[in-house]
């Protein structure tokens, strides 16, 4: 039952933290109950989740405001398609990771460098996978699976920004805080747009020590049938090793990898 799924208590934290966690648990419990039942009255929802009517009404209003619940003609409540869309997004990410893993590993085997797979989730770049370099001299990057990073100064970020739709690019950049991570970081929006145009023309993006000193990356997007980026793959290495000549050689391997992944996902 929905109530049983959110009964696990939090063992530590301030009273305000505990209160917030309980509220989140109750809200999720309501959402799960609606998903199971399809439709329920306020009284049924409150009874199932151990809430009084005013508290239940408040949580339901929050879900309605967020677009996850709606009130039907008889006054009862039902989930919206936004919940299904959320599930589909999660499934898509899992499918992407499953299909990408052998491609990413093969690229790592060929280059012996650090390989990243990333995507844009809402307005943030998220690393979905990472294979560390097997070389003695390798980059010690802050990236890890599940972590985020700026889009405007990373190879995967620029590869994604250049090939997502205009609305996604606008919202993503609006959420960014343009910081000068290194002397090479592009923080001017006009200069970044010019750089993204170059990425679109070349099909690959470069991070020339723009996020971390001593690290260079070359990245390429994974494109859907409409030419929009669903992910990006990068090769990262110490700048002393990832010379311009080596980057040109890696570009071919990257494009082969991204095209292979696109074929696995869409064709």
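Annotations for the structure displayed:
- Figure legend. Inter-residue proximity from the range 119-144: first residues on the phi > 0 side of the Ramachandran plot, second residues buried (at least 20 other Cβ atoms within 10 Å of the Cβ) and at pLDDT 90 or above, beta-carbon distance below 9 Å, spacing 6+ or different chains. Indicated pairs: 122/172.
- Listed by position, the helices (runs of 4 or more DSSP H) inside the range 113-214 whose residues that are under 23 Å from residue 249 (Cβ atoms) and assigned by TED's automatic domain parsing to the domain that holds residue 253 number at least 1 are 155-163, 189-202.
- Within the range 170-195, considering residues that are under 18 Å from residue 228 (Cα atoms) and in contact with a strand residue (DSSP E or B) (Cβ under 9 Å, 6 or more places away or on another chain), the one modelled with the lowest pLDDT: 172
- Scanning the range 126-166 for residues that are crowded, with 24+ Cβ neighbours inside 10 Å and within 19 Å of residue 105 (Cα to Cα) turns up 155, 156.
- The range 215-229, residues that are touching a helix residue (DSSP H, G or I) at 6+ places or on another chain (Cβ under 9 Å) and either assigned to a strand (DSSP E or B) or crowded, with 17+ Cβ neighbours inside 10 Å (or both): 216, 217, 218, 219, 220, 221, 222, 223, 229
- So residue 45, is it modelled with pLDDT of 85 or more, surrounded by 14 or more Cβ atoms within 10 Å (Cβ to Cβ) and under 27 Å from the mean Cα position of the chain (by Cα): no
- Test: residue in the range 180-192 that is loosely packed, with under 14 Cβ neighbours inside 10 Å and under 17 Å from the mean Cα position of the chain (by Cα): no
The values are calculated or read from the model by the stated rules, or taken from the named source; none is laboratory data. Remember, predicted model here, so these are calculated numbers, not experimental data. Backbone-built Cβ (ideal geometry, glycine too); neighbour counts: all protein chains shown.
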